[in-house]
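Here is the structure we will look at, set down as C-alpha cells.
The values are calculated or read from the model by the stated rules, or taken from the named source; none is laboratory data. Keep in mind the model is a prediction, meaning the values are calculated, not measured. Because the Cβ atoms are built from the backbone with ideal geometry, glycine has one as well, and the counts that use them run over all protein chains shown.
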Amino acid sequence: MKIQTECVPCLLKRIIYEANLSTTDTAVKTKAIKNACKLLSQLYDPNECSASIATKVHKLVYETLGDEDPYKELKHQSNQIAQSLVPRVEKLIAQVEDPLKMSMLCAIIGNTMDFGIEGGSDHPEALKETFDHLVDEGLGHDDTNKVKRLIHNAKRVILFTDNCGEIVFDKILCRELKSFNPNLFLTLVVRGEPILSDATSKDAKELQFKEIVNEILTTGCYAVGVDFEKLPNTLKKRLNESDVVICKGMANYESFSETSYKPVVYLLRTKCNAIANSMDLPLNSSVVKLYE
C-alpha cells in the first residue's frame, strides 16, 4: 500500500507514544521526535510503500532513544492477557460447527491489541472488555469458504504473524488449520527483530509453536511488515513454494499488497481509513479477505 496523507499524523502519534514508553527524559524524547519529523519530511512520497517509510522512521527513533525494544513490557502483558482468554476461545471453538472459521475470528479479534494508533487499544486489558462484543459482531467481510477450499487442497501454507497478544490466538488458528488439513506443511513467520508490538521468535518459542507448526522462520531483519529486499533465502523459497499465504494484521497488508504473491488471505481489523479504503472495506471491522 502506498503511503496516504492520513498515515503521517498516525506515524508521528506512534513515534510520540513509543518515545514516552521508552524514557522520561524530555531532551531524549524531543530529539527522537525532531529526528523523526526531519526524516519523514525527506522520505514522504505518495509513490512509496507506507511500511517501508515507517520502518526507516522507527529505526531512527529507536536508535535515538537507545532502546531496541520500547514495547517490551507491553508485549509481555499482551501475551499474558491473551493467554487468560484462551479458555474462552477454546469454549467458543468447541461449540461451533466451523471451528476453523471461529479460530480465524478470534485471531482477528486479537489484532485489536495494537498500541499508539487510532483504532488500537489503550492498554492490553482492553481486550477482555471488548472480546465478547467483537465475537458477537462477527466478520465484516467473510471469504472463509473460499479460503477453506484453498486450504483443503493445499500442501504448503505460510502464516505471517503480527502483534504480540494476538499471536496467542494464532497458535490456536494454526492448530485448527492442521486439524482441517492434517497433511498441511505449515510455516510460521515472525519478525526478525523487535519492532513495535510485533511478535518475534522469542514469543514463538515461549508459546511453544513447535508443538503445532512444521517450522518457524523470521522475516530476517528490522521491518514494519516485511522487507522483501532483505528476505532470507529460506523464507523466499517457502513463499515461492506456498499454495496459500496467510497474513495477519495491517502492516503485513501494507507490505504484501505491493507484491504479486497470490493467493493471499488477510486476517485483520481495519483499524484505520487508509487500510479500509485501500481494501474497499468498512472501518473497524474484522475481515477475512482473499486476493487470488
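Data table
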| read-out | value |
| --- | --- |
| Answer from Glu118, Glu97 - the residue that is surrounded by fewer than 16 Cβ atoms within 10 Å (Cβ to Cβ), of a type outside the set (A, V, I, L, M, F, W, C), in a loop (DSSP other than H, G, I, E, B) and modelled with pLDDT of 95 or more | Glu97 |
| Unique residue being among the β-branched types (Val, Ile, Thr) and assigned to a strand (DSSP E or B) when the list is Val213, Val147, Val157, Val168 | Val157 |
| Test: Ala54 is of a type in the set (Gly, Ala, Ser), assigned to a helix (DSSP H, G or I), touching a residue at least 24 places away in the same chain (Cβ under 8 Å) and in contact with a Ser or Thr (Cβ under 8 Å, 6 or more places away or on another chain) | no |
| In the stretch 26-48, the residues that are under 26 Å from Glu254 (Cβ atoms), surrounded by 12 or more Cβ atoms within 10 Å (Cβ to Cβ) and not aromatic (Phe, Trp, Tyr) | Ala32, Ile33, Asn35, Ala36, Cys37, Lys38, Leu39, Leu40, Leu43, Glu48 |
| Hits in the stretch 175-207 - residues which are surrounded by fewer than 17 Cβ atoms within 10 Å (Cβ to Cβ), in a loop (DSSP other than H, G, I, E, B) and in contact (Cβ under 8 Å) with a residue 12 or more places away in the chain | Asn183 |
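Conditions (1) acidic (Asp, Glu); (2) more than 27 Å from Glu6 (Cα to Cα); (3) in contact with a Phe, Trp or Tyr (Cβ under 7 Å, 6 or more places away or on another chain), marked per residue:
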| residue | (1), (2), (3) |
| --- | --- |
| Ala32 | no, no, no |
| Ser41 | no, no, no |
| Cys106 | no, yes, yes |
| Gly116 | no, no, yes |
